[in-house]
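Have a look at the structure below before the remarks.
The values are calculated or read from the model by the stated rules, or taken from the named source; none is laboratory data. Note that the structure is a prediction, hence the values are computed from the model and not measured. Positions of Cβ are backbone-derived with ideal geometry, glycine not excepted, and every protein chain shown enters the neighbour counts. All accessible areas refer to the heavy atoms of the entire protein, side chains included, with ligands and DNA or RNA removed. Shrake-Rupley method; radii C 1.70, N 1.55, O 1.52, S 1.80 Å.
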Amino acid sequence: MGRIQSKEKFNASMVEQLTGRFGKSLGKLMKRISLTYGESAGWFREYNTENIISIIMENQRKRLKIEIKKKGYSTNVGNEGGFAPNIQSNEEAIETVLTAIQSAGYKTGSQVQIAMDAANSELWNAKEKKYIFHKSDGKKMTSEQLVNYWASWVKQYPICSIEDGMAEDDWKGWKMLTEAVGSKCQLVGDDLFVTNVTRLERGINEGIGNALLVKVNQIGTITETINAVSMAQNNGFNTIMSHRSGETEDTTIADLAVALNCGQIKTGSASRTDRMAKYNQLIRIEEMLGESAIYPKGKIKFGK
């Protein structure tokens, strides 16, 4: 992604007025390179969202496109700019992503890691208390079985973050997941916390999850958003400023991500103007901050 020349500047005074503080953290990027699967697929075919995102550079995205073409799949993109090939299994999906990273000349685990949005509320059957793979083979998993599945993946693959690894109201399942991999992996609550301080406070008190996905549109106001971010950060939770599926070219979340020192931003693939607008705004912020900008280094950290 090249540097965008523009006369538009970062509106520092606007952010300071809205947030009461002025941050300098230009965080890690979560770029969406989604793989959504067909009728005979496994795990990720269940999800209506685009499921795999990776902290990658644009040349890695190009390599992924090449790898998908090699397999004879379509390289059409979904509504957030990520690829949507008819890949046949969970394992094929993540292996394809890892191959693309390596073929681009990067080391998985040390230079590039995988972040995943599982959206598991879509699979949860409250009556049966099970996760049902209703869009593929009809397989059913208990919360404990799903936790064991995630634990095996975190051990096998360079996964640094799992968003909505359990359903939004499966608090017991979330507790098990946190105990199983919470010291090794960022566990992000989107549907779980909904940027709501009441639900977030419960998670903090019960030791559930270790990161908050921040959506201004989800909670409704800037004030409530700031309150949620402050509560999370004061209690050792990571914060990830996030877009939504139906986006516009508004760039407010890029400003807020830096102003609130979120450290991470999730705003779609490096394609489509509604997603690129946020990255372009981050470049403008970088130019404005100059040498005073802070760039988190190394692996994602979490906990107090």
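Based on what the data block shows, is K184 under 25 Å from P158 (Cα atoms) and among the basic types (K, R)?
On the way: under 25 Å from P158 (Cα atoms): yes; among the basic types (K, R): yes.
Yes: the conditions hold for K184.
Could you check segment 203-216 and list, in sequence order, the residues that are touching a residue at least 24 places away in the same chain (Cβ under 8 Å) and assigned to a helix (DSSP H, G or I)? Walk me through how you get there before you give the answer.
Restricting attention to segment 203-216, the residues satisfying the condition of being touching a residue at least 24 places away in the same chain (Cβ under 8 Å) are 203-204, 206-216.
Of everything in segment 203-216, those that are touching a residue at least 24 places away in the same chain (Cβ under 8 Å) and assigned to a helix (DSSP H, G or I) turn out to be G203, I204, E206, V216.
Would you check if there is a residue in segment 111-120 being in a helix (DSSP H, G or I) and surrounded by fewer than 21 Cβ atoms within 10 Å (Cβ to Cβ)?
In the first step, residues of segment 111-120 are kept if they are in a helix (DSSP H, G or I); the result is 120.
With surrounded by fewer than 21 Cβ atoms within 10 Å (Cβ to Cβ) added as a condition, the list becomes none.
Looking for residues that are in a helix (DSSP H, G or I) and surrounded by fewer than 21 Cβ atoms within 10 Å (Cβ to Cβ), one finds none in segment 111-120, hence no.
Tell me yes or no: at least one residue of segment 178-194 is among the hydroxyl-bearing types (S, T, Y), open to solvent by 30 Å² or more (accessible area, probe 1.4 Å) and out of contact with any His (no Cβ under 6 Å at 6 or more places or on another chain).
So the first thing to find is which residues in segment 178-194 are among the hydroxyl-bearing types (S, T, Y), and the list is 178, 183.
Filter once more, so that each one left must be open to solvent by 30 Å² or more (accessible area, probe 1.4 Å): 183.
Filter once more, so that each one left must be out of contact with any His (no Cβ under 6 Å at 6 or more places or on another chain): 183.
Among the residues of segment 178-194, at least one is among the hydroxyl-bearing types (S, T, Y), open to solvent by 30 Å² or more (accessible area, probe 1.4 Å) and out of contact with any His (no Cβ under 6 Å at 6 or more places or on another chain), which makes the answer yes.
From the list N86, N76, N125, N148, exactly one residue is open to solvent by 20 Å² or more (accessible area, probe 1.4 Å) and within 23 Å of R202 (Cα to Cα). Which is it? Break it down stepwise before answering.
Details: N86 fails: within 23 Å of R202 (Cα to Cα); N76 fails: within 23 Å of R202 (Cα to Cα); N148 fails: within 23 Å of R202 (Cα to Cα).
The conditions single out N125.
From L200, L98, L123, L177, which residue is closer than 19 Å to M241 by Cα and not acidic (D, E)?
Working: L98 fails: closer than 19 Å to M241 by Cα; L123 fails: closer than 19 Å to M241 by Cα; L177 fails: closer than 19 Å to M241 by Cα.
After ruling out the rest, the residue left standing is L200.
I need the full set of residues from segment 151-177 which are polar (S, T, N, Q) and open to solvent by 30 Å² or more (accessible area, probe 1.4 Å), in order please. Reasoning before the result, please.
Filtering segment 151-177 down to residues polar (S, T, N, Q) leaves 152, 156, 161.
Once the filter is applied, which keeps residues that are polar (S, T, N, Q) and open to solvent by 30 Å² or more (accessible area, probe 1.4 Å), segment 151-177 yields S152, Q156.
Does N205 count as open to solvent by 50 Å² or more (accessible area, probe 1.4 Å), among the polar types (S, T, N, Q) and closer than 26 Å to G173 by Cα? Before the answer, list the steps.
Numbers: open to solvent by 50 Å² or more (accessible area, probe 1.4 Å): yes; among the polar types (S, T, N, Q): yes; closer than 26 Å to G173 by Cα: yes.
Answer is yes for this residue.
Show me the helices (runs of 4 or more DSSP H) entirely contained within segment 217-304 in which 1 or more residues are of a type in the set (A, V, I, L, M) and surrounded by fewer than 19 Cβ atoms within 10 Å (Cβ to Cβ).
Details: elements: 222-234, 252-259, 273-289.
Result: 222-234, 273-289.
For segment 153-167: of the residues being of a type in the set (A, V, I, L, M) and closer than 11 Å to I114 by Cα, which is farthest from the chain's Cα centre (by Cα)?
The selected residue is V154.
For segment 148-199, how many residues meet the condition of being part of a loop (DSSP other than H, G, I, E, B) and either of a type outside the set (S, T, Y) or over 24 Å from A126 (Cα atoms) (or both)?
So the answer is 19.
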